[in-house]
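Here is the structure we will look at.
The values are calculated or read from the model by the stated rules, or taken from the named source; none is laboratory data. Note that the structure is predicted; figures quoted are calculated from it, not measured. Quick reminder, even Gly has a Cβ in these numbers, built from the backbone with ideal geometry, and neighbours come from all protein chains shown.
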């Protein structure tokens, strides 16, 4: 019995204080090639794009996180937002619009679009326009 108590005491000292109460870390790691697909861009099917639907593979997610590469001449057509959205330009150039406002955008810039606005973005120039797009879901995904 004494040996068991000594062993239990040694084990208690080996585990950092509070560690036994911590839940395991939750995360999902997604490889871009596993979620890559060529498809027309949303909201009008204007041209062609390559979509990386990273968050689609995350069970119980509360937001969307995607990469979309608009091929030359492609655009995400005008659509009214039910939530705020952020677009980050990885490479290329384009024109972002919200309402009647149009702004040129390029690599290293972020565009914050507000709920209730009608917005879209169009690729410009000789190189594809690569974007990261993120926005909240109205309710947590069930998958």
Only one residue in 97, 113, 65 is under 21 Å from residue 139 (Cα atoms) and surrounded by 18 or more Cβ atoms within 10 Å (Cβ to Cβ), so which one is that? 113
Given the criteria modelled with pLDDT of 95 or more, within 26 Å of residue 141 (Cα to Cα) and not in a strand (DSSP E or B), does residue 33 qualify? yes
Output the number of the condition that residue 93 fails; it satisfies all remaining conditions of (1) in contact with a strand residue (DSSP E or B) (Cβ under 8 Å, 6 or more places away or on another chain); (2) under 19 Å from residue 43 (Cα atoms). (2)
Please determine whether any residue of the stretch 86-99 is within 18 Å of the chain's Cα centre (by Cα), farther than 21 Å from residue 32 by Cα and at pLDDT 95 or above. no
